[in-house]
Amino acid sequence: MTAKGFAKGLANYGDAEFSLFLRKAFVKGAGYSRAALDRPVIGVVNTGSAYNPCHGNMVPLIEAVKRGIFMGGGLPMEFPTISIGETFANPTSMYLRNLMAMDTEEMIHAQPMDAVVLIGGCDKTVPAQVMGAISAGVPAVQLVTGPMLTGSHGGERVGACTDCRRYWGRHRAGEIDAAGIEAVNDRLVASVGSCGVMGTASTMACIVEALGLAVSGSATPPAVTADRMRAAEQSGLCAIGVAHAGLTPQAMLTADSIRNALRVLLAIGGSTNGIVHLTAIAGRLGLPVHLAELDRMGRETPVLIDLKPSGQHYMEDFHRAGGLPTLLRELKPLLHLDAMTVTGRTLGEEIDAAGPGFPQDVVRPFGAPIFPEGGIAVLRGNLAPGGAIIKQSAASPDMMEHEGRAVVFDGLEDLAARIDAEDLDVGPSDVLVLKNIGPTGGPGMPEAGYIPIPKKLARAGVRDMVRLSDGRMSGTAAGTIILHITPEAAIGGPLAFVENGDRIRLSVGNRGLDLLVDEAELRRRAEAAPRRRPTADRGYRKLFLDSVLQADQGVDFDFLRGKEADAAGAG
Ligand code: FES
């Protein structure tokens, strides 16, 4: 018989019965009675941290999750893991995502639990938790902390972080002085919770609900509302169900679940980071995410949500409009409705249970989209043989077909040193190129792909330019920005050999990204300055640099992906 509860995964003292005897004594020492020990044990992952205000509602959430677990007859066991706050992590939160995934996996694996409730919210935490839970092979329910409230500045509604970037752009252009920008800073983050627009955190919240890993309707309630606490209580209760059913993420998630999540990602105009994370999640299941399939799905999946940065509303508006079930109802013809969820019901049954919907202006009908194609297009060409992506729903329509002269920056230091120089040779139709911010070059693929418009052009009224890099971009940013160029410059991808003055052609219509330099010249440049993969002497940095994969494989570590995903290729 498979061990359950505290009898699972005993500490190894060479005598299993003694190990259990000892464990029970220590649990009782914490004040638990014998009756408590017989219940299903549900781990509750605490990622509260003063360095992570996006998880600032962790204490009441944990209380509510525990209440749900007790209601279902289980015993909650709270434990900590790493927490990553996006704006506090150096060099970038992505550098730590795989570490958090490993921590989550190992602590779920090492400690006795029949199921686990994962509580995360800030950008990298949710993918890290899902990746870890898949690899740990224990039944799991994901709960997100929920979005922050919107604030108000000078009568204008504001919220992190699309408005942070918009106001900062105006400050750089000289429209807002130092006192003014400080005043906006006071208003941008009105409460604890994750960013209140369709950035990476909100994208991942929608993705985990679409995957069926979170309870229906739990993606959108703001962090400080009763709805959020009820979602937490329901998540705790739901964990009892998956524990009894032995429903692990591997058993539940299929290729169709991943396709549903991709559809949702496209239809919400979701963060480009969502592609990387979903690829990593699928990779843990041994399932490849083919960029070609993503692009095909993109061409037939309209953007239906009118939310910043692609549209005008905020996450709290999306919640008032019925949350993700409102979108899923519209997307039904494109979804695999028999995909299973943690409630034990299928996605189709969950959509039906959410009711018929009501008039609202956040989620458009399928036939009247905000943008006719999916938010993200996949580009290929001699500059990106392994692919690149553009969030076309947040780009300037008149720049989707563009040819321009390259203005090249070798890395973040070079960018900081020269981007605002008055003598920088740059014009509005040039293409800004930033190298060496990929998975190993960053390291950790920082969200620096949102290259600022050079100050002298910003002052002259230029608001967007074609910009490209091997890095990522915050899901809250907008512009004609090409990201995730694969392979990255630091390992010798073609991007490494772009020089000032080269011509670059972007055609979103043809899905092309090309460097208009002949092959012989590119070969000559590569031979003149060969690249060696970066490494480090010790510690996590060495592990990271030696093991991290490219964007088209989710930036996971090579030894953590399911073997089947690699065999099938990420095409
Ligand atoms: Fe945490 Fe945006 S900084 S979700």
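The values are calculated or read from the model by the stated rules, or taken from the named source; none is laboratory data. Note that the structure is a prediction, hence the values are computed from the model and not measured. Ideal geometry is used to build each Cβ from the backbone, glycine not excepted, and the neighbour counts take in all protein chains shown. Areas reflect the complete protein model, heavy atoms only, side chains present, ligands, DNA and RNA absent. Shrake-Rupley method; radii C 1.70, N 1.55, O 1.52, S 1.80 Å.
Accessible surface computed residue by residue for the chain, with neighbouring protein chains in place and a 1.4 Å probe, gives 38 Å² per residue.
Relative to the globular-protein estimate of 2.2 N^0.38 Å, the Cα radius of gyration of the range 1-112 stands at 1.26. With a Förster radius of 22 Å applied to the beta-carbon distance between residue 230 and residue 353, the computed FRET efficiency rounds to 0.90.
Each of the peptides 548-556, 33-41, 286-294 was scored by the mean count of other Cβ atoms within 10 Å over its residues; in descending order, highest first, they stand as 548-556, 286-294, 33-41.
Over the chain, what percent of the accessible surface lies on carbon and sulfur atoms, probe 1.4 Å? Don't skip to the answer; put the middle values down first.
Working: 11530 of 21420 Å².
Carbon and sulfur together cover 54 percent of it.
By the equivalent-ellipsoid construction on the alpha carbon gyration tensor, the range 453-556 comes out with semi-axes of 27, 21, 14 Å, ordered largest to smallest.
The protection proxy used here, the mean number of other Cβ atoms lying within 10 Å of each residue, ranks peptides 535-545, 512-522 as follows, highest first: 512-522, 535-545. Working from Cα positions, state the angle (0 to 90°, nearest 10) between the long axis of helix 93-110 and the longest principal axis of the chain. Rounded to the nearest ten degrees, it is 20.
Helical content of the chain, expressed as a calculated mean residue ellipticity at 222 nm, amounts to -11000 deg cm²/dmol (DSSP H runs of 4 or more residues, -39,500 (n - 2.57) each, divided by residue number, nearest 500). The value for the range 164-323 of Rg(Cα) / (2.2 N^0.38 Å) is 1.21. Restricting the calculation to Cα atoms, the range 150-199 yields a radius of gyration followed by a Dmax of 10.6, 31 Å.
So if R0 is 30 Å, what FRET efficiency would residue 175 and residue 109 give, r being the distance between their Cβ atoms, rounded to the nearest 0.05? Write out the running numbers ahead of the final one.
Details: r = 53 Å, r/R0 = 1.77.
Efficiency for this residue pair is about 0.05.
In the chain, the longest principal axis of the Cα atoms and the axis of helix 255-267 are about 50 degrees apart. For a straight C-alpha distance cut-off of 27 angstrom, the lysines reachable from residue 28 (same-chain residues fewer than eight places away being disregarded) are 4, 8, 66. A straight Cα-to-Cα reach below 25 Å connects residue 391 with the lysines 124, 308, 332, 435, 455, residues fewer than 8 places away in its own chain not being considered. Using a cutoff of 8 angstrom between alpha carbon atoms and counting only pairs six or more residues apart, the relative contact order for the range 422-571 works out to 20 percent. For the chain, 195, 206, 238 have no disulfide-compatible partner, since no other Cys C-beta lies under 4.7 Å from theirs. Taking the DSSP beta bridges with both ends in the chain, the antiparallel portion is around 45 percent.
Suppose the Debye formula is applied to equal point scatterers at every Cα of the range 281-350; what is log10 I(q)/I(0) at q = 0.24 Å⁻¹? At q = 0.24 Å⁻¹ the computed log10 ratios are -1.18. In straight-distance terms, cross-link reach from residue 563 covers every one of the aspartates and glutamates whose alpha-carbon lies under 16 Å from its own, apart from those fewer than eight places away in the same chain; here that gives 552. Taken over the C-alpha atoms, the chain has Rg and Dmax values of 23.8, 76 angstrom.
Rounded to the nearest 0.05, what FRET efficiency is calculated for residue 529 and residue 416 with R0 set to 30 Å and r the Cβ-Cβ distance? Can you show the working numbers first?
Details: r = 23 Å, r/R0 = 0.75.
Here the calculated transfer efficiency is 0.85.
With a simple spin-label model that places each label point 7 Å from the Cα along the Cα-to-Cβ direction, the separation between residue 429 and residue 396 comes to 1.3 nm.
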